[in-house]
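In what follows, a single structure is set out as structure tokens and then discussed.
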Amino acid sequence: KASDINSVLDYLKKNPATPNAEYAGVAKGKNVFIIHLESFQQFLIDYKWKGQEVTPNLNKLYHQNDTLSFDNFFNQVGQGKTADAEMMLENSLFGLPEGSAMVSDGTTNTFQAAPAILDQNGYTTAAFHGDVPSFWNRDNTYKSWGYDYWFTKNYFSSGKDYNVGYGLKDKIFLKDSAQYIEQLPQPFYAKLITVTNHYPYTLDKQNQTIEKTDTGDDTVDGYVQTARYLDQSIGEFMTWLKQSGLDKKSMVVFYGDHYGISANHKKAVAKLLGKKTFNNYDNAQFQRVPLMIHMDGLKGGINHTYGGEIDVLPTLLNLLGVKHSGYVQFGTDLLSPQHSQTVAFRNGDFVTPQFTKVGSTYYDTGTGKVIKQLSAAQKAIIDKATNQVTTELSLSDRVMNEDLLRFYTPNGFMKVDKSSFSYNKKKA
Ligand code: GP9
Ligand code: MN
């Protein structure tokens, strides 16, 4: 019922984080690119195999002065994988404990998502993906989120060997997307969802430019090859961006959506990382994914703040100078001095700069040692973090399950009219 949103609003009001003032509006009016790096984990950054960097283009971006890079940024997805990442990135709402919220609620729920917010701030909004429009119910969800355009499969070239795994190969996909992007009225918000670096990490011979790793685990060893391919596609994309002149007028955000190698492959991962073992603590740390915000003139550097996918939207809105106080967002600006560094995983585990919780075990995040006996002071900190994590997950679940945003429209926001969007276009 309508009043149920009040407990959510009360909680958010009592736990504010004032956005960083120095960075407020530094990207005002810029085009925004959201580049979804499929299954891309942070450990790949600067990772070398056979003496070669696996991802030289992303490494370069990571270290550039005008890139704000985060090295303690975690994926927080559940079963919804890519869909959960998208939900968090563009709504600052968590995915659900089971299934995918985009599938169960994307069609019917009311949202106050990034595309709608930016559309109402003068932006054109478009999403791009080289797969069918309906995967993860995107074709319906994106209407609820207010995307003006949804470019998929039928908009792009096709041919023998153009596809691998879940869709169009990234290089073709990004190249084909460019011709549409150049026609978008500016400023635009464009999300590009890559797919080649997806399990089971297969790639045609002519695109393999680095050897497979040698862990002997078939589902792991192709990962560096598809990651290298994705990296090259990003390199080509950045070259285009420069040639088109859009680099001067745009902010480009890169993020990894979730792990590429699951905890089922402990032995192989230990080998990749040059470690003897790989335990639950290591696996929690292994959930780091890239978040890099690149823009001409941006005061960048490697930022060590702990945060996760839930925090991206408030961070970006602050950079864009778009007001978002009063919005139902469970994350906070990563650059805010009051940003909470407790990173929730979907199952209630969490990581903070001090502690890592996996099930009923607590580790020292710095050393990886199990804390056998919690001191009173440690217990107090952990109880507080646990409370925060369970409260935020359950409040977010209520918003999703009970469609609570239909009862609340933030000041200055106009409810999205889903029926005004139609993404149908058949190949001529
Ligand atoms: C498919 C793709 C994959 O369209 O985005 O989703 P995932 O399997 O990573 O959740
Ligand atoms: Mn994914």
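Okay, helix-only estimate at 222 nm for the chain: each DSSP H run of n ≥ 4 adds -39500 (n - 2.57), divide by all residues, round to 500 deg cm²/dmol; what do you get?
-9000 deg cm²/dmol
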In whole angstrom, how long is each semi-axis of the equivalent ellipsoid of the stretch 107-193, when you take the square root of 5 times every eigenvalue of its Cα gyration tensor and sort them from largest down?
-> 24, 16, 8
What is the sum of charges around HIS258, taking Lys and Arg as +1, Asp and Glu as -1, for the other residues whose C-beta is under 10 Å from the C-beta of HIS258?
-> -3
Enumerate the residues in the stretch 21-61 having an amide nitrogen under 12 Å from the point lying 7 Å beyond the Cα of GLU211 toward its Cβ.
-> 49-52
Vicinal HN-Hα couplings computed from phi for the stretch 26-41 (Karplus, 6.51 cos²θ - 1.76 cosθ + 1.60; Hz; Gly/Pro x) | 5, 10, 4, x, 6, 5, 10, 10, 10, 9, 7, 8, 4, 6, 9, 9
Quick one: Kirkwood hydrodynamic radius for the stretch 165-309, alpha-carbon pairs, angstrom, one decimal?
-> 17.3 Å
When all alpha-carbon pairs of the stretch 101-250 are counted, what percent fall beyond 27 Å?
-> 31 percent
Computed ³J(HN,Hα) along the stretch 343-349: with the Karplus parameters 6.51/-1.76/1.60, θ = phi - 60°, integer Hz and x for glycine or proline, the list is 9, 7, 8, 5, 8, x, 5
Whole Å is fine, so just give me how far the alpha carbon centre of the stretch 211-247 lies from that of the stretch 88-116.
-> 29 Å
What is the Cα centroid distance between the stretch 42-80 and the stretch 365-428, reported in whole angstrom?
-> 25 Å
State in Å² the accessible area per residue of the chain; use a 1.4 Å probe, count heavy atoms of protein chains only, and round to the nearest integer.
-> 41 Å²
Descending principal axes extents, the stretch 348-428, alpha-carbon based, whole Å = 63, 37, 22
Using alpha-carbon positions, the gyration tensor of the stretch 27-184 gives root eigenvalues a ≥ b ≥ c; with a/c under 1.5 called rounded, otherwise prolate if a/b exceeds b/c, else oblate, the class is rounded
Can you list the residues, at least 5 places off or on another chain, whose amide H is less than 5 Å from the amide H of ALA127, using H built in the peptide plane?
-> TYR149, TRP150, PHE151, LYS191
Scaled radius of gyration (Cα, divided by 2.2 N^0.38 Å) that the chain gives = 0.94
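The values are calculated or read from the model by the stated rules, or taken from the named source; none is laboratory data. From a predicted model like this one, the values you see are computed outputs, not experimental measurements. Backbone-built Cβ (ideal geometry, glycine too); neighbour counts: all protein chains shown. Side chains are part of the model used for accessible areas, which takes the heavy atoms of the whole protein and leaves out ligands, DNA and RNA. Shrake-Rupley method; radii C 1.70, N 1.55, O 1.52, S 1.80 Å.
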